[in-house]
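Let me begin by presenting the structure, written as structure tokens, before commenting on it.
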Amino acid sequence: MDGDYVIGGVFSIHHYIHTVEHNYTTLPEPLRCTGSIISRELRFSRAMIFAIEEINNSTKLLPGIRLGYQIHDACASVVMAVHVAFQLSNGLDPVFYTGDNCSQSGTVMAIIGESGSTPSISMSRVIGPFNIPQVSHFATCACLSNKQEYPSFFRTIPSDQFQADALAKLVKHFGWTWIGAVRSDSDYGNNGMASFLDAAHKEGICVEYSESFYRTDPHNKIQKVADVIRRSTAMVVVAFVSVGDMRILLEELSQEPSPHRQWIGSESWVTDADMLRFTFCAGTIGFGIQQSVILGLRDFLLDLSPTEVAESPVLTEFWEDAFKCRLGKKNCEHFSTMLPSACDGTEDIKKLKSPYTDTSQLRITNMVYKAVYAIAHAIHNAVCQKTNSTTHCDKLTMTESKQILAQMKKVNFSQNGYDVSFDANGDPVARYELVNWQKSKSGSIELVTVGLYDASLPVGQEFHINKNLTWVENSTQVPSSVCSDSCPPGTRKVLQKGKPICCYDCVRCPEGEISNATDSPDCFPCPKEFWPNAERNICFPKPVEFLSYNEVLGIILAAFSVGGACLAVITAAVFFRHRTSPIVRANNSELSFLLLFSLTLCFLCSLTFIGTPSEWSCMLRHTAFGITFVLCISCVLGKTIVVLMAFKATLPGSNVMKWFGPPQQRMTVVSFTFIQVLICTIWLVLSPPFPMKNLTIYKERIILECALGSAVGFWAVLGYIGLLAVFCFVLAVLARKLPDNFNEAKLITFSMLIFCAVWITFIPAYVSSPGKFTVAVEIFAILASSFGLILCIFAPKCFIILFKPEKNTKKHLMNKNQY
């Protein structure tokens, strides 16, 4: 239809182009489309005519100006699309004007189309240099957003980049990490799948296979793709496929039973009503363009008079194909042999069930409708001026396509309830409906909208599901599609060699480490004072361990300590009660009482090693132990020296005892003890013991202990005690054979032997004992050596005092023949 301004339209009303044989001897026959007619594409072209007629009847948009159109069938072929692009850009006048005053009335101002991305790319490269705007209703390839390559390209349908991101988020939302992928071997499929795979990789999704095909490929290649899908382990298949290619693939898959797959579809095929006949794909989900209602369109589509149909070869073909009859004498050759009966005029298109007449879910049709209005608004802004309340349009003004191109970039209006505008890349705002193929009660497949996706919303809020979904095999449970089951908390993922990152083994976290999340890639150690539970998914505070009064070992040692102190007190009481008896007076009663006092302190100082270590208890336990033991050994040493000196004093002319009387004995004890006090004081001043949490001996628990502060100070204390003990032992050995009955040298020798044996064995036991047993070993050494001293030195005397009083006489003691 001619008009003041002509809009071109390019649609894939057929999906195949007639193969032309070139023999290079005759002129090739013209290009023509073949195959069955695509009713949906025919509806798109008729929607364009409807929109133009609606604009021509409008008084607000382009008043006084009539739009025309020139619609071509590119049959989804790049060759035909380029041919049509040249036709539209060259002008539509059949006469070539040689003069300067040539008319431009036949030149198209803009072009709507093509439906496919690959033909649209080819067209854009042809018409782009001529600055002719191209507005596609169905070409979604993200590559077309590149304004450097396609400066005059616009579209009313969102770019596949948005759809790819949305599909990746959809797959991630349902927990699918192991998927298959198929795509059309075209710009639409290859670019769309590349964008999806990139987005899926960022979401941690792995692809088991990625197959490409095209509807014109040999059958064995289509069959190979179908076999890959059948043999795969991935339950979910993402199909970035054009509707014509998808139809071929599903027909191949329907030839023989195969495992059910959860299909995720791109908007190209998932909303096509004709595809719903593949019932084995029930449960398919995908993104579709938002539905709309175009008032008056259905009546326009159904208002086909026999005359109008007969005058249009395309409508004639559609009519004959829909009603299986011949229409007059203009019947096409390929129908003449197939359709035996003629159309009788009773055919009612209103009763016809076809994608052409189905206006229940207008999606892409609305994109065509908006594209026509976008071009009309651009022309309006270029040629119309508003004066006061009236709009005047000058159709005689010479208008070039580059002016329309400039105005297209500024288009911003609302039509049919939708805002229409283009960003810097010529793309609209991306909004999708999430659709689901659900089985109806009758067993047929219905297209149900179950959610929305709006790319203009903030991150994380774009995706919204508002209805229940039906999955493959009519299940209500989300199918699982993973290469490996999720690793529970307490384990970490270890990748399987040579496989994608979604294929892994679950390895238990090592000792001391946890993972508290599902599918954790790493385990992390607990803080120093924490330890994992048995499942290794939570860190608990480590139990604190020290030698306590509440445990059996602590109670036993405390009992022996108190018992030993009581024994020393009882012994002192016995000695005090019999202090005038010969046996007490003969064995240096003053040193004996001092020794018993020091033994009492030795027994009691072991109590400071039991209980929670504190700053004061740590300093007290080591210093008290060191000083009391030196006091004890000093008393024993004093008694030993007295025995030796007493024997020498009996020799003629000896006056040595005057140097070892009671004052000298006290001075000896005080001097030896003062040296230990000095050592302990220096230790406490320079680097005293302090409480600490030992985290190294046991990994799973904390040992509360007293750190030595200065190891030199500790071993100096022990060394000094050992030195006195060895000295005392040597003197006792020298005096052990003295014949006197008052001689204690044998008892002292034996007690010092026990003392030295205990403390010699204490050193390796102390160093090697772990945790609280270190303290227990130290307490045991203190108690053992203290009991050795009190039993060896005082037990025989107490026995005589209490049970053999007849031996507790001066006469008996002076009898050198009895010992």
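The values are calculated or read from the model by the stated rules, or taken from the named source; none is laboratory data. Nothing here was measured: the structure is a model prediction, and the numbers come from that model. In this analysis, Cβ positions are derived from the backbone assuming ideal geometry, glycine residues included, and neighbour counts consider all displayed protein chains.
Name every residue in segment 6-51 that is assigned to a strand (DSSP E or B), within 20 Å of M367 (Cα to Cα) and of a type in the set (A, V, I, L, M), in order of residue number. Of everything in segment 6-51, those that are assigned to a strand (DSSP E or B), within 20 Å of M367 (Cα to Cα) and of a type in the set (A, V, I, L, M) turn out to be V6, I7, V10. Inspect all residues belonging to segment 688-710 and state whether any of them is in a helix (DSSP H, G or I) and either of a type in the set (A, V, I, L, M) or at pLDDT 80 or above (or both). Checked segment 688-710: no residue is in a helix (DSSP H, G or I) and either of a type in the set (A, V, I, L, M) or at pLDDT 80 or above (or both).
Quick test of your reading of the structure: K169 fulfils all but one of (1) over 25 Å from L495 (Cα atoms); (2) part of a helix (DSSP H, G or I); (3) not hydrophobic (A, V, I, L, M, F, W, C). Name the failing condition by number. So the condition that K169 fails would be (1).
If the condition is being in contact with a Ser or Thr (Cβ under 8 Å, 6 or more places away or on another chain), more than 17 Å from H137 (Cα to Cα) and among the aliphatic types (A, V, I, L, M), then segment 406-437 contributes L434, V435.
Filtered by the rule that a residue be among the acidic types (D, E) and either in the same structural domain as Q496 (by TED's automatic domain parsing) or over 26 Å from C503 (Cβ atoms) (or both), segment 173-217 gives D185, D187, D217. Scanning segment 357-380 for residues that are touching a Phe, Trp or Tyr at 6+ places or on another chain (Cβ under 9 Å), in contact (Cβ under 8 Å) with a residue 24 or more places away in the chain and surrounded by fewer than 18 Cβ atoms within 10 Å (Cβ to Cβ) turns up nothing. Quick check on segment 259-275. Is at least one of its residues in contact with a Cys (Cβ under 9 Å, 6 or more places away or on another chain), farther than 29 Å from P521 by Cα, buried (at least 23 other Cβ atoms within 10 Å of the Cβ) and hydroxyl-bearing (S, T, Y)? For segment 259-275, residues in contact with a Cys (Cβ under 9 Å, 6 or more places away or on another chain), farther than 29 Å from P521 by Cα, buried (at least 23 other Cβ atoms within 10 Å of the Cβ) and hydroxyl-bearing (S, T, Y): absent.
Out of the residues in segment 354-389 that are β-branched (V, I, T) and over 45 Å from the mean Cα position of the chain (by Cα), which is farthest from Q290 (Cα to Cα)? By that ranking, first place goes to T387. Take T233 and decide whether it is over 18 Å from S117 (Cβ atoms), touching an Asp or Glu at 6+ places or on another chain (Cβ under 7 Å) and among the hydroxyl-bearing types (S, T, Y). The answer is yes for T233. Entry remark, segment 390-434: residues being assigned to a loop (DSSP other than H, G, I, E, B) and either over 43 Å from the mean Cα position of the chain (by Cα) or touching a residue at least 12 places away in the same chain (Cβ under 8 Å) (or both) number 20 in total. Close Cβ contacts (under 9 Å, 6 or more residues apart or on different chains) running from residues in segment 54-66 that are polar (S, T, N, Q) to residues that are surrounded by 12 or more Cβ atoms within 10 Å (Cβ to Cβ) comprise N56/G3; N56/L62; N56/I65; N56/R66; N56/L67; S58/A376; T59/T391.
Which one is modelled with the lowest pLDDT among residues in segment 715-726 that are buried (at least 16 other Cβ atoms within 10 Å of the Cβ) and among the hydrophobic types (A, V, I, L, M, F, W, C)? Give the derivation first.
Start the filter on segment 715-726 by keeping residues that are buried (at least 16 other Cβ atoms within 10 Å of the Cβ), which leaves 716-718, 720-722, 724-725.
From what's left, among the hydrophobic types (A, V, I, L, M, F, W, C): 716-718, 721, 724-725.
Numbers: A716: 90, V717: 87, L718: 83, I721: 83, L724: 84, A725: 80.
Per the criteria, the residue is A725.
Given the options S561, S598, name the one that is under 60 Å from the mean Cα position of the chain (by Cα), among the polar types (S, T, N, Q) and crowded, with 20+ Cβ neighbours inside 10 Å.
Working: S598 fails: under 60 Å from the mean Cα position of the chain (by Cα).
One residue alone meets the criteria, S561.
What do you reckon, is F240 closer than 28 Å to G35 by Cα and surrounded by fewer than 19 Cβ atoms within 10 Å (Cβ to Cβ)?
no
In segment 339-348, is there at least one residue being surrounded by fewer than 17 Cβ atoms within 10 Å (Cβ to Cβ), modelled with pLDDT under 85 and assigned to a helix (DSSP H, G or I)? Scanning segment 339-348, I find no residue that is surrounded by fewer than 17 Cβ atoms within 10 Å (Cβ to Cβ), modelled with pLDDT under 85 and assigned to a helix (DSSP H, G or I), so the answer is no.
Of all residues in segment 124-157, those satisfying the criterion of being surrounded by fewer than 24 Cβ atoms within 10 Å (Cβ to Cβ) and among the charged types (D, E, K, R) are R125, K147, E149. Only a single criterion out of (1) farther than 21 Å from A164 by Cα; (2) surrounded by 14 or more Cβ atoms within 10 Å (Cβ to Cβ); (3) in contact with a helix residue (DSSP H, G or I) (Cβ under 9 Å, 6 or more places away or on another chain) is not satisfied by G443, namely (2).
Of note, S39 does not satisfy the criterion of being polar (S, T, N, Q), surrounded by 22 or more Cβ atoms within 10 Å (Cβ to Cβ), touching a residue at least 24 places away in the same chain (Cβ under 8 Å) and within 22 Å of D245 (Cα to Cα). Among residues of segment 125-154 that are assigned by TED's automatic domain parsing to the domain that holds I375, those with a beta-carbon under 6 Å from a residue that is exposed (fewer than 15 other Cβ atoms within 10 Å of the Cβ) at least six positions away or on a different chain give the pairs G128/P151; N131/K402.
Which residue is farthest from G426 (Cα to Cα), if the candidates are limited to segment 350-389 and must be polar (S, T, N, Q), assigned to a loop (DSSP other than H, G, I, E, B) and in contact with a Ser or Thr (Cβ under 9 Å, 6 or more places away or on another chain)? First the steps, then the outcome.
Our first condition is that a residue be polar (S, T, N, Q); within segment 350-389, this holds for 354, 357, 359-361, 365-366, 381, 385, 387-389.
Now narrow it down to the ones that are assigned to a loop (DSSP other than H, G, I, E, B): 354, 357, 359-361, 388-389.
Filter once more, so that each one left must be in contact with a Ser or Thr (Cβ under 9 Å, 6 or more places away or on another chain): 354, 357, 359, 361.
On the way: S354: 33, T357: 31, T359: 28, Q361: 26 Å.
Looking at residues that are polar (S, T, N, Q), assigned to a loop (DSSP other than H, G, I, E, B) and in contact with a Ser or Thr (Cβ under 9 Å, 6 or more places away or on another chain), I get S354.
Of all the residues in segment 1-26, those that are of a type outside the set (A, V, I, L, M), surrounded by 21 or more Cβ atoms within 10 Å (Cβ to Cβ) and closer than 16 Å to I111 by Cβ number 5. Selection over segment 501-528 of residues that are not in a strand (DSSP E or B) and not hydroxyl-bearing (S, T, Y) gives a count of 16.
Residue-wise test of (1) at pLDDT below 75; (2) of a type outside the set (A, V, I, L, M); (3) in contact with a helix residue (DSSP H, G or I) (Cβ under 9 Å, 6 or more places away or on another chain); (4) not assigned by TED's automatic domain parsing to the domain that holds F750.
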{"residue": "L637", "(1), (2), (3), (4)": "no, no, yes, no"}
{"residue": "V643", "(1), (2), (3), (4)": "yes, no, yes, no"}
{"residue": "A646", "(1), (2), (3), (4)": "yes, no, yes, no"}
{"residue": "Q665", "(1), (2), (3), (4)": "yes, yes, yes, no"}
{"residue": "T668", "(1), (2), (3), (4)": "no, yes, yes, no"}
{"residue": "T673", "(1), (2), (3), (4)": "no, yes, yes, no"}
{"residue": "V677", "(1), (2), (3), (4)": "no, no, yes, no"}
{"residue": "T681", "(1), (2), (3), (4)": "no, yes, yes, no"}
{"residue": "L684", "(1), (2), (3), (4)": "no, no, yes, no"}
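When every residue of segment 177-199 is checked against the conditions, at least one turns out to be out of contact with any strand residue (DSSP E or B) (no Cβ under 7 Å at 6 or more places or on another chain), surrounded by fewer than 16 Cβ atoms within 10 Å (Cβ to Cβ) and under 25 Å from C143 (Cβ atoms).
Can you find a residue in segment 416-437 that is in contact with a Gly (Cβ under 8 Å, 6 or more places away or on another chain) and either aromatic (F, W, Y) or under 19 Å from L144 (Cα atoms) (or both)? Show your work before the answer.
Going residue by residue through segment 416-437, those that are in contact with a Gly (Cβ under 8 Å, 6 or more places away or on another chain) are 432-437.
From the residues that got through so far, the ones that are either aromatic (F, W, Y) or under 19 Å from L144 (Cα atoms) (or both) too are 432, 437.
Within segment 416-437, one or more residues are in contact with a Gly (Cβ under 8 Å, 6 or more places away or on another chain) and either aromatic (F, W, Y) or under 19 Å from L144 (Cα atoms) (or both).
Among the residues of this structure, S614 counts as one that is closer than 26 Å to F690 by Cα and touching a strand residue (DSSP E or B) at 6+ places or on another chain (Cβ under 9 Å).
A single entry from I157, I111 fulfils the requirement of being in a loop (DSSP other than H, G, I, E, B) and either at pLDDT 90 or above or within 21 Å of D198 (Cβ to Cβ) (or both): I157. If you go through segment 204-234 and keep only what is surrounded by 15 or more Cβ atoms within 10 Å (Cβ to Cβ) and within 30 Å of G460 (Cβ to Cβ), you end up with I205, C206, V207, E208, S210, A234.
All of (1) closer than 28 Å to H380 by Cβ; (2) surrounded by 21 or more Cβ atoms within 10 Å (Cβ to Cβ); (3) among the hydroxyl-bearing types (S, T, Y) hold for S58 with one exception: (2).
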